[in-house]
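These notes are about the structure you will find just below.
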Amino acid sequence: MPIQSRSLIIGTVIVFILIILGIIVGVGVGNQGVSITSPFVEGGPLSSFKNTSAKDINDSISTEDDLASFADNLQSGGPPPDGIPPIDDPKYVLVSRVDFLSDDEKVFIVDQNDEVKIYPQHILVWHEIVNDTFGGEELSVTYCPLTGSLIGYNTHFDVEESRTETNFGTSGKLVNSNLVMYDRATDSLWPQILGMGITGEGRGSELETFPTAWTDWKRAKAEYPDALVLTEETGFFRRYGTDPYGSYENESSYYNEGKPFFPLMNDDDRLNPKEIVLGIKVGKERSAILKQLIVDEKVVETVVGERRILGVHDEKLDTIWAFDATEISHNIAWEEGEIVDERGIRWSVEGAELLSSKGEVIPWITSFDVMWFAWAAYYPATDLIHERKRGFSF
């Protein structure tokens with residue numbers, strides 16, 4: 001049954017007020033690594049971290065199978081379709097020509113098909129979707145400020161043996177306080193975190209993902225001096241440089257404290273609602289690792305389904321990635337910014353890949369930063385790694 005609550009009305013009014021100025025004028029115009037004292041941990045880091053499961057805490061919603069539940073819980077976010085307008089014709093400048101970003105500003109990085117592009121958060125907060133091209137391949141970069149989720153999606157989906165090519169717009173609707181996209185080929189609706197169609201021809205189809213990264217401008221320009229940077233020449237008038245939701249640096253802003261604006265399908269108090277986790281998808285299995293734990297520990301291990309997953313801190317970008325490390329030796333250590341397995345093979349993070357000293361490559365698996373309340377609302381049965389086991393020390 002749909003969620004019916006006075007908070008729905010209140011949430012809609014709040015968000016509408018926050019973005020109304022943008023809608024009115026929205027007329028188109030053209031650490032150093034930490035060495036582990038005991039070099040190898042028996043069983044790997046998995047044995048040292050506490051895994052909290054929700055399977056015995058609440059009755060879980062079958063997210064992939066019960067699509068009607070998501071459709072029933074669609075809510076209006078205030079603006080009409082594309083009232084928060086996607087950027088369909090992005091304009092770029094080279095890093096060396098950027099004069100509109102300060103070193104501490106948050107930016108998003110996409111490295112695909114031998115092209116690197118940098119997207120300032122202060123631009124995407126007003127648009128939420130950039131329909132872009134990398135090496136001739138059409139891709140969509142999506143960002144929902146209400147849930148702090150940045151996800152890259154391919155712009156096609158398969159229904160049986162038929163492929164539909166498309167791109168995405170903002171529907172004006174939400175599920176679990178999260179952006180719901182629509183595809184422009186069939187008007188099917190796609191909740192951003194779910195990554196699956198819940199209505200129309202796309203219902204039940206899953207979108208393919210590609211890696212994206214959060215960092216700041218200082219690190220981004222140092223690591224990618226030849227990248228292209230999205231400019232404020234979007235074709236729309238917006239108050240770029242301001243954020244309708246506050247600031248990530250302001251501890252009292254929406255991004256850091258308080259409850260979500262809109263009703264949720266599930267509440268989970270294992271973490272504060274706005275804590276950032278790394279949400280991990282492996283087949284139909286879901287797991288989450290507290291982001292700060294990965295930053296502090298440098299590498300955190302968990303099991304998702306039958307796969308052994310590593311959450312790893314990328315010190316160069318101060319971001320986090322997830323890798324399928326099932327084939328890596330189980331006994332590993334963190335030494336001088338690299339993972340070392342019991343064979344003495346060193347593994348380093350290079351963008352969205354884990355590279356070994358012998359030339360082996362372990363690619364990124366579908367994962368992204370997301371506010372805890374939103375991940376748990378979609379996936380009530382998710383496992384959560386958020387602390388060390390008591391009494392454990394290296």
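The values are calculated or read from the model by the stated rules, or taken from the named source; none is laboratory data. All values reported here derive from a predicted model rather than from experimental measurement. Every residue, glycine among them, receives a Cβ derived from its backbone with ideal geometry; neighbour counts consider all protein chains shown.
If the condition is being under 23 Å from T147 (Cβ atoms), among the charged types (D, E, K, R) and not in a strand (DSSP E or B), then region 208-252 contributes E208, R238, R239, D243, E249, E251. Under the condition of being surrounded by fewer than 16 Cβ atoms within 10 Å (Cβ to Cβ) and part of a loop (DSSP other than H, G, I, E, B), the residues counted in region 271-306 number 5. Residues in region 307-327 that are assigned to a loop (DSSP other than H, G, I, E, B) and surrounded by 23 or more Cβ atoms within 10 Å (Cβ to Cβ): A325 alone. Restricting region 166-189 to residues that are out of contact with any helix residue (DSSP H, G or I) (no Cβ under 8 Å at 6 or more places or on another chain) and hydroxyl-bearing (S, T, Y), the residue that is farthest from I84 (Cα to Cα) is T166. Selection of region 184-207 for residues being charged (D, E, K, R) and either assigned to a loop (DSSP other than H, G, I, E, B) or in contact with a Phe, Trp or Tyr (Cβ under 6 Å, 6 or more places away or on another chain) (or both) yields R184, D187.
This table checks each residue for (1) of a type in the set (S, T, N, Q); (2) modelled with pLDDT under 95; (3) assigned by TED's automatic domain parsing to the domain that holds V175.
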position: P85; (1), (2), (3): no, no, yes
position: P90; (1), (2), (3): no, no, yes
position: V95; (1), (2), (3): no, no, yes
position: D104; (1), (2), (3): no, no, yes
position: V107; (1), (2), (3): no, no, yes
position: K117; (1), (2), (3): no, no, yes
position: G136; (1), (2), (3): no, yes, yes
position: T142; (1), (2), (3): yes, no, yes
position: L146; (1), (2), (3): no, no, yes
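Being within 17 Å of the chain's Cα centre (by Cα), surrounded by 15 or more Cβ atoms within 10 Å (Cβ to Cβ), assigned to a loop (DSSP other than H, G, I, E, B) and not assigned by TED's automatic domain parsing to the domain that holds P191: is that true of L384 here? It is false that L384 is within 17 Å of the chain's Cα centre (by Cα), surrounded by 15 or more Cβ atoms within 10 Å (Cβ to Cβ), assigned to a loop (DSSP other than H, G, I, E, B) and not assigned by TED's automatic domain parsing to the domain that holds P191. Selection of region 198-229 for residues being more than 21 Å from L124 (Cα to Cα), crowded, with 19+ Cβ neighbours inside 10 Å and in contact with a helix residue (DSSP H, G or I) (Cβ under 8 Å, 6 or more places away or on another chain) yields I198, T199. For region 156-167, a tally of residues being assigned to a strand (DSSP E or B) and surrounded by fewer than 23 Cβ atoms within 10 Å (Cβ to Cβ) returns 7.
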